[in-house]
Amino acid sequence: MIRILLADDQTLIRAGFRALLSAEPDMTVVAECGTGRDAVRLAAREHPDVVLMDIRMPDGDGLEATRQIMAGKDLTGTRIIILTTFELDEYIAEAVRAGAAGFLVKDTEPEELLRAVRVVHDGDALLSPSVTRRIMAQLAVQSRAAAPPASLDQITEREREVLRLVGEGLNNAEIAERLFITPLTAKTHVSRIMTKLLVRDRAQLVVLAYESGLVRPGWAADGVTL
């Protein structure tokens with residue numbers, strides 16, 4: 001059973017999400033709140049598997065709440081999906097750095113929301129196509145010439161190649177096609193890279209690929225999901 005915490009300051013939105021999620025046999029909403037402070041408090045109390053987090057809330061926004069939850073030693077298994085709008089793009093890349101594993105726009109289709117919860121719960125990162133394009137654009141603007149950090153010395157040349165493709169936004173199937181390997185092998189490479197570099201998920205790998213200089217502005221593919 002996937003245990004979910006809802007954090008959104010709009011009661012009507014929370015009610016809609018609760019009705020949708022509670023109707024699924026493998027999901028249950030364990031708590032809900034309307035402030036960032038309460039999101040942190042309830043996460044510590046309930047230990048949810050997934051948090052649906054609005055990025056703009058009173059008394060501590062979703063970005064700060066994400067940082068605090070991800071820093072919790074007892075919450076290493078908790079995954080956060082940020083609910084965003086196009087007007088809040090400036091926060092998205094920072095939320096990835098804070099540890100968010102997924103991003104969805106609030107008007108996403110119900111089926112996509114349910115899929116997102118399951119994908120993130122299974123340990124993968126999920127970004128809707130529109131949000132992916134915006135993250136890539138932000139990282140391209142923010143990135144600067146830099147030598148790869150020493151931590152990249154821990155990965156092989158093949159893993160560097162895989163990391164670069166993750167940074168371009170390719171999923172496992174697309175990486176497999178590009179490198180003439182199987183999707184399972186691509187997935188294994190990605191998992192090993194995350195383990196070696198102590199990175200929580202694919203979303204943070206994208207940031208690392210840009211900040212290390214493996215991917216430069218203009219290289220990212222447009223309109224793809226991780």
### Message
Return the residues of segment 32-74 that are of a type in the set (S, T, N, Q) and crowded, with 22+ Cβ neighbours inside 10 Å; say none if nothing qualifies.
### Response
66
### Query
Quick check: anything in segment 6-19 in contact with a Pro (Cβ under 8 Å, 6 or more places away or on another chain), at pLDDT below 95 and either open to solvent by 70 Å² or more (accessible area, probe 1.4 Å) or not polar (S, T, N, Q) (or both)?
yes
### Message
Here are the criteria: (1) under 17 Å from the mean Cα position of the chain (by Cα); (2) more than 18 Å from residue 200 (Cα to Cα); (3) of a type in the set (Lys, Arg). Tell me which single one residue 79 does not satisfy.
### Response
(2)
### Query
Does residue 89 qualify as being touching a Gly at 6+ places or on another chain (Cβ under 6 Å), modelled with pLDDT under 95 and either buried (at least 17 other Cβ atoms within 10 Å of the Cβ) or farther than 22 Å from residue 199 by Cβ (or both)?
no
### Task
Filter segment 160-174 for residues that are in a helix (DSSP H, G or I), farther than 17 Å from residue 210 by Cβ and open to solvent by less than 50 Å² (accessible area, probe 1.4 Å) and give the result.
172
### Summary
Taking segment 96-118 and the residues there that are closer than 17 Å to residue 6 by Cα and assigned to a helix (DSSP H, G or I), the one that is most open to solvent (accessible area, probe 1.4 Å) would be 115
### Query
Looking at (1) touching a strand residue (DSSP E or B) at 6+ places or on another chain (Cβ under 7 Å); (2) of a type in the set (Val, Ile, Thr); (3) open to solvent by less than 10 Å² (accessible area, probe 1.4 Å), can you tell me which one residue 29 breaks?
(3)
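The values are calculated or read from the model by the stated rules, or taken from the named source; none is laboratory data. Computed from a prediction, not measured in an experiment: that's the story for all the values here. Because the Cβ atoms are built from the backbone with ideal geometry, glycine has one as well, and the counts that use them run over all protein chains shown. Areas reflect the complete protein model, heavy atoms only, side chains present, ligands, DNA and RNA absent. Shrake-Rupley method; radii C 1.70, N 1.55, O 1.52, S 1.80 Å.
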